[in-house]
Each structure stands twice: as structure tokens, then as C-alpha cells.
Amino acid sequence: MAIGSLLRFSQTMNTRYWRVPFILMLILLHLAAMRGAQDYWARGLMLAHFGLFIMWQPFMRGEERLNVPQTVGIFVISAVILLFLNWWLLALWTGVFAGIVGGKVFLFHTRWLRRFYLSVLLYILMLLLVWIVPNMLLGPILPPEQQILVEYGLPLLFVAMAFMPVEVDWAESPQIVDFFYATLIFLLLVVLVLGSLAFMKVGGLAYGQALVYSLLIIATVLLLLSLAWNPRAGFAGLSMYFSRYLLSIGLPFEQWLSFLAELSQLESSSDRFLRDACGGLARLQWVTGGLWRTANESGQFGDVSKNSVEYTNQDLHLRVFTRHKLSPSLLWHFHLLGQLLGEFYIAKRHEEKLQQQTYLQAVHETGARMTHDVKNLLQSLNVLCAAAERDDGADVAELNALMRRQLPAITRRLQETLDKLVKPQAEAGRFIEARIWWDALQRSFQGREVQFEPPQLDNDVPVPKDLFDSTADNFLQNALKKRKLDASIAIRARLACGEAVDFSVSDSGQPVAATVLGRLLRAPVPSETGFGIGLYQAARLSENTGFSISLSANEPGNVCFSLRGKKMGSE
């Protein structure tokens, strides 16, 4: 239709030259008011003004098609303008226009755009109160100063509107009007005009005095309402009751929040939680059914009706069918409920991802620890292979003795590593007497030039076998790697049991670098001589068994790592 084409053309104009048709619309209204409501030219000007208003109007988008009632309404308004225009109709239209513009003032946060619409609202109010209403109540006889002010003073606001540095980014978004503020401004204007008329007829006051008295009364009432709305005396005002009313339409806010919180605790799956929560919406009296859709699943509940409302965020699309068309308060209430449901669903999704990441981290740590144990076993095998390659046949008995000592120990440790993969929960639950473990450790590192000091412990002191095996391998292998870089490094191992069990390995090499100390034992660290993932895994394992690993000495010629913990059965 032609009107739809005008709407699409107006949107194209609004992207850059949006003020041109708007100011032209105000100029046509000004000229029509100056000529008088009874003038035929004024009716034509008002008809052109109404046409520009249709192009600017913020209620419909340009891509929408006009239905039959809308088209009939436009033609009826046009016919009324041409046939029945008078000062009362002109005042009514100007009041409605002022309400629409005033409803847009509170929606913009940019400074100059708000000032622009405030200037427009100021012009419309001045035209209504200084020119249209006096002509409506007093007739065409007005003071010359008042006519000069309206004819030549008010148009100066058009110049100010044309040169205001207003941003144009807002034109890309849909035009909206705050219905509450628009209605409030229109009703205030109606009360102001009727109040002025009452003062003039009953009190016999002049129009100016009647207008001032009406303004003072309205201002006083608004001041009292603002104090009652949000009092400063420490008690709740009308805003609290109004909020409670909005939040309790159809379903109390507290009950819905309690329902979601309880369901979140009972249901661990995000999809099942969403399905049950959407099913809970069906208990509302104004809801007949609905459907929901996420990235993975979709579902529906209840029955379908012709009235529906939708809520969408980045993870959830919810559409609810209602028995009747929702009022603005119920619509806002539904969006609040949908936002709560969406936030709970997102939290449940994050909880599932966190559980999955925790599981993967546990698998990774177990695999890393097993890999380090296998690496230590491989190093022991390499030592045996190197001893066999160096053998010239002169000391076959000593080589056979070394093989008989090491191969069973390596086989046993390899079997234990495989057992950890099968039953990782039991790896911290095996204990061995400290003296037996110490003797086995000496046999494992026999011939590696490691000095084992005489132990100071009781025969029946139990220690966690897997923890001590893993920690001793890490301590000694890292020290042996340092000695490959400096053959003069001496390595000592010590085991003592006083009030606590203390196992330590020290070397006479260079201290650990300061850049490594900050993350040592807290995270894997890169190093040519070790001190990386092995120590980190051993530290994590020691935390689970009541022990702790520390760098007890770190100075040139004395670098010592220690494993300490309470004796089993001690308080």
C-alpha cells in the first residue's frame, strides 16, 4: 500500500536526515495554529502535518503491512481533520502529540538527543498553553505581545532544533515510546487545561492567573505523591506496594524463586531441570502450555493457544501460550520469570561443565603420575642395560647379582603401577614398614653412588608405600640428573622418625633458581634438570595422605627436599 511505502521511505530518511521531516511536521502544526482552526488552509496544513506524523510515528515499523482497522482509523482521522477541525480538537491533538514526545524523552540517555526532544516538548507546551488554549477559551482577541511571542518567538526553537549536534545511531534501532510517561503527561495537560477553565469560570480569574494557580496545585500534588512514593523517613512507600503488586501477578515471586532453587538442588542434569521447570510454568492460571528449545534439546508442555509470549537469551528460547493476551504488567512479569529460569539453566550448564573438567583433570593427573612412574622404571632399566653393555666378561657374577636384585624390584614396581591404573582409589591406602621400605630403596639405587645414611626409626613405623616410592624416585632422579651436569655433586638420603616421619634427599649442587621457586610444588615448572611435573604430582599426592613436601634447604652446596608427616596412629 502507499502508506506502507511512505513508512519505508521515512525509515530511509531517518538514518541520516531524520530531523528534516520532524521539524517540517512542527512547522506545519505551527502554521495551522497561526491561521486558526476554522481556516480551510489550516485544515490542509493539519492534514499534511498528520501525514508527516504517520511517517515519523514510533508505533509501527516500515516493513509492517497495515491491516484493515489501522487503515480505516487513518482515513477516519483524516476526515475529521478536514470536516470538523476546531480549537478543541486541535488542543486534544496537541496534548496527545506532547504525550508521545514526552514519552520518548525518558528513553534516551545521550545528552543532546534528550535535549532535542525536551526542546520539542517545550515548543508543543508553549504552543498549547500560550496560543491554542487561550484561543479556545477567550476567542481570537489576544494581547499583541502574546501574538508576537507565538508568531516570531516560538519559531526560534526550530532553528535550535536544526543545529543541535544530535547522534544518529539511535535511528538504526526501533522507535519506542514509554506508554506510562506518555499517558501521565497527557493527563497532566488535561488536568491543567480543565483546572484553568474551572478557575476562570468559578473564580472569575484571568487566564494567566488561572494557569499559574493550576500549575501550583499540580506541582504540590506531584510533590506529595513523590514523597509518598519514596519517603525518606525510614519506612516503605507506594513504590514498595506497587512492586509487590507487579511481582505477585499470577505467581508470587518468592514462590517461583523457591521452586527453582529447590528443583536445582534435586536435579543435577541441566536438560531435565529445564524440562521440569517449564512444566512448573503450566501451574500458572494464565498459562495453557509452552515450548522450549536449547542448543541440544527441545520440548513442549500443555496446550497451544492463539496468544503467546516469548523469552530468548543466548542459551534458551522459551515460548509460553496464554489464555488471554497479556497486559504490560503480566508481560514484564513473564520476562522476569523467564530471566530467572534462564539464569538457573545457565548456572546448571556451568556446573556440568565444571564437573566434566574436574573429571578430565583427575584423569590427566592420574595419567601424568603413572607416566612419571613408568619413566622412572625406564631409567632403572637403562641403568641395567648400560651396566650390561660395559661388562667385559670379567665380573659376570657381580652383574648377575645386580640383575637378580633389580629385575624383581622393577617387575614389582611395574605391576604396582598397573594396579594403580585399575584401582586408582586404593593407591593411597597401602602401607609398609619404614625399615623394609628403606632397605628396598637402598637396593634399588645400589651402585648409583647415592649415600644412604643409617636410618633413625622404629621397626614397626608404617608409611604410605606409593607416596614414599613416588617421592623418593623424584627426589633421587632429579639429584642424579643434576650430577650428570656436574660429576662432583654428592647425593645423600636420610630417613628418621621422631615425633614425625622425615625423609629427605640433599645434594651439593647449585640451588634452585629464584624464577622456579614461586611455582615449585604448586604447578609444573620447566627445567632442564627436572623439578617439574613429578614433584608437582608428588606434592598433590602427599596432601591427600597427611604429608607435605618442601624445599627445606636451598643454598650453594646444600639443596634439600623433604617429605614430612605424622606417624600413623599419632594425634
Filter the stretch 315-342 down to residues that are touching a helix residue (DSSP H, G or I) at 6+ places or on another chain (Cβ under 7 Å) and part of a strand (DSSP E or B) and give me whichever is nearest to L274 (Cα to Cα). L318
Please list, ordered by residue number, the strands (runs of 3 or more DSSP E) wholly in the stretch 267-314 having 1 or more residues that are among the β-branched types (V, I, T) and without any contact (Cβ under 8 Å) to a residue 12 or more places away in the chain. 307-312
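A quick yes/no check of all residues on (1) touching a helix residue (DSSP H, G or I) at 6+ places or on another chain (Cβ under 6 Å); (2) of a type outside the set (A, V, I, L, M, F, W, C); (3) in a strand (DSSP E or B); (4) farther than 18 Å from S550 by Cβ:
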position	(1), (2), (3), (4)
D466	no, yes, no, yes
D469	no, yes, no, yes
A472	yes, no, no, no
L476	no, no, no, no
K484	no, yes, no, yes
S488	no, yes, no, yes
A493	no, no, yes, no
A496	no, no, yes, no
D502	no, yes, yes, no
Could we say that R494 is closer than 26 Å to S506 by Cα, modelled with pLDDT of 75 or more and over 59 Å from the mean Cα position of the chain (by Cα) here? no
In the stretch 131-152, which residue that is among the β-branched types (V, I, T) and touching a residue at least 24 places away in the same chain (Cβ under 8 Å) is nearest to L211 (Cα to Cα)? V133
Looking at T71, T94, can you tell me which residue is hydroxyl-bearing (S, T, Y), assigned by TED's automatic domain parsing to the domain that holds P165, within 18 Å of M161 (Cβ to Cβ) and within 47 Å of the chain's Cα centre (by Cα)? T94
Where a residue in the stretch 325-354 is of a type in the set (V, I, T) and its partner, wherever it lies, is surrounded by 13 or more Cβ atoms within 10 Å (Cβ to Cβ), with Cβ under 6 Å and at least six apart: I346/D315
Got a sec? Which helices (runs of 4 or more DSSP H) wholly within the stretch 141-229 have at least 3 residues that are within 28 Å of M34 (Cβ to Cβ), under 41 Å from the mean Cα position of the chain (by Cα) and modelled with pLDDT of 85 or more? 179-203
Which condition from (1) within 21 Å of Y536 (Cα to Cα); (2) at pLDDT below 85; (3) β-branched (V, I, T) is the one that V505 breaks? (2)
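Looking only at residues in the stretch 527-547 that are surrounded by 14 or more Cβ atoms within 10 Å (Cβ to Cβ) and within 21 Å of W438 (Cα to Cα), which one is modelled with the lowest pLDDT? Outline the logic, then answer.
Quick first cut of the stretch 527-547, residues surrounded by 14 or more Cβ atoms within 10 Å (Cβ to Cβ) only: 527, 529-542, 545, 547.
From the residues that got through so far, the ones that are within 21 Å of W438 (Cα to Cα) too are 534-535, 538-539, 541-542, 545, 547.
Working: G534: 72, L535: 75, A538: 77, A539: 78, L541: 77, S542: 79, T545: 77, F547: 87.
Of everything passing the filter in the stretch 527-547, G534 is modelled with the lowest pLDDT.
With the structure loaded, tell me whether W131 is buried (at least 22 other Cβ atoms within 10 Å of the Cβ), in the same structural domain as V20 (by TED's automatic domain parsing) and at pLDDT 90 or above or whether it fails that test.
Numbers: buried (at least 22 other Cβ atoms within 10 Å of the Cβ): yes; in the same structural domain as V20 (by TED's automatic domain parsing): yes; at pLDDT 90 or above: yes.
Here the answer is yes, as W131 does meet what is asked.
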Any idea which of (1) surrounded by 15 or more Cβ atoms within 10 Å (Cβ to Cβ); (2) at pLDDT below 90 is the one M25 doesn't satisfy? (2)
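The values are calculated or read from the model by the stated rules, or taken from the named source; none is laboratory data. Note that this is a predicted model, so its numbers are computed, not measured. Methodologically, a virtual Cβ is constructed for each residue, glycine included, from the backbone with ideal geometry; neighbour enumeration extends over all protein chains shown.
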